[in-house]
Amino acid sequence: MTTQHPNIGFHSLRVYSMGRGPATQPADKLKAYMMADFDFSMDIEFLFPYINAVARKAQLYKNPPHIRFNFDHTLCVLHPDKGLASPVDDSKDARDFIVRLMAFLNDIYHRKDQIPPRYKFFSQTAITQILKLLPQTNCNECGFDTCMAFAAMLSRQQTIPGRCPHISRPVQEKAIFPIHDNDGKLLSTISLDIDNTDSVSALNSANQYIKSLEKKIRHLSHMKEGLRDEANKQLPNPLSQREIQVLQMLACGTTNLEIAQSLNISPHTVKSHINHIFNKLAVNTRAQASVWATQHHFV
Ligand code: SF4
């Protein structure tokens with residue numbers, strides 16, 4: 001197999017205990033909490049912005065340069081020349097894990113021309129500070145149940161301020177640009193203040209518009225359900241819930257076999273439902289039943 005670059009490898013794997021598991025566990029189940037550290041075969045600092053773009057819950061630190069992230073339910077902390085992983089079960093588990101981690105890093109390494117690097121450094125703001133920016137009404141418009149939950153995620157940089165429509169506009173936005181040497185190694189970054197007033201207000205208007213459309217759709221859908229229920233009640237012999245499901249699928253052009261598979265019933269039962277539907281609607285064909293369903297807001 002030909003590769004563009006030599007693979008990132010590791011050596012000097014060491015595994016040691018960080019103490020014992022929770023004391024509430026029975027003695028025979030107590031397991032040492034193990035940690036593994038190892039050295040890289042090459043300096044991997046150039047890869048940090050790409051790992052930062054791809055890895056789960058990545059946190060990139062500037063000084064000293066290192067990156068933390070979760071991989072395979074294990075916390076990894078990588079420095080340019082060495083790494084650490086925790087917890088691992090034993091030496092074998094540690095080696096297996098580091099092999100998988102190397103495959104992950106090498107995949108990023110060989111695909112890095114297709115990955116937009118993320119140069120954003122992690123700096124955690126206290127949750128209490130973030131709460132001061134929020135009205136604390138727990139209105140749920142951001143998708144989180146409480147302002148506290150939103151603040152906690154924002155503090156970990158796992159959401160963005162713009163998801164709360166009640167947070168005030170930032171005084172200043174900074175964009176971070178990388179400076180590389182001729183070998184593509186990251187030398188430093190420069191942050192520029194960007195006035196994003198226009199884009200923030202355009203985004204807010206778009207969000208408001210989307211919310212008003214969603215409200216209208218919900219309203220129309222309630223109206224449609226009301227009209228449908230009324231039409232069903234007007235039938236001499238109203239359709240059952242199952243017959244309504246079958247009618248809706250039939251009106252969308254679904255075959256008997258597909259209806260049977262979708263509702264997990266036999267084709268024979270579907271046929272019997274369709275006969276009942278035809279009788280109740282006083283129609284003779286699928287086309288007539290579809291027209292009736294459309295006219296009475298069933299689809
Ligand atoms: S949208 Fe803002 S105010 Fe509402 S719950 Fe989320 S953070 Fe709190």
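Throughout, read-outs are computed from the coordinates displayed, never taken from laboratory work. Nothing here was measured: the structure is a model prediction, and the numbers come from that model. When we count neighbours, we look across all protein chains shown, and the Cβ atoms used for this are built from the backbone with ideal geometry, even at glycine.
Computed quantities for the displayed model
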item	result
Simple Cβ-charge dipole of the chain, Lys/Arg +1 and Asp/Glu -1, about Cα centre, in debye nearest 20	840 debye
Cβ-Cβ FRET estimate between H222 and N138, R0 fixed at 22 Å, reported to 0.05	0.30
Rg over Rh [alpha-carbon atoms, Kirkwood Rh] for the chain	1.16
Cα gyration tensor shape for the stretch 127-195, rounded if a/c is under 1.5, else prolate or oblate	prolate
Chain lengthening between N237 and A152 when straightened (0.36 nm per residue, less Cα-Cα)	25.1 nm
Farthest positive-ward along the chain dipole, Cα basis, beta-carbon charges - from A251, V283, S205	V283
Estimated FRET transfer efficiency when R0 is 22 angstrom, pair D145-H166 (beta carbons, to 0.05)	0.90
Contact order relative to length of the chain, as percent, for alpha carbon pairs under 8 angstrom and 6 or more apart	10 percent
Neighbour cut-off at most 10 other Cβ (10 Å), DSSP loop, chymotrypsin sites (Phe, Trp or Tyr not before Pro), the stretch 197-299	none
Helix-only mean residue ellipticity at 222 nm for the chain, each DSSP H run of n ≥ 4 adding -39500 (n - 2.57), per residue, nearest 500	-13500 deg cm²/dmol
Members of K57/K92; K112/K132; K132/K211; K120/K216; K57/K185 lying beyond 30 Å, as alpha-carbon distances in this model show	K112/K132; K120/K216
14 Å Cα-Cα reach of K174 towards aspartates and glutamates, excluding residues that sit fewer than 8 places from it in its own chain	D193, D195
Estimated FRET transfer efficiency when R0 is 22 angstrom, pair N204-F177 (beta carbons, to 0.05)	0.25
Two-site label geometry, L213 and K82: point separation in nm, points 7 Å out along Cα→Cβ	5.4 nm
Selection from P135, L192, N52, by position along the positive dipole direction of the chain (Cβ)	P135
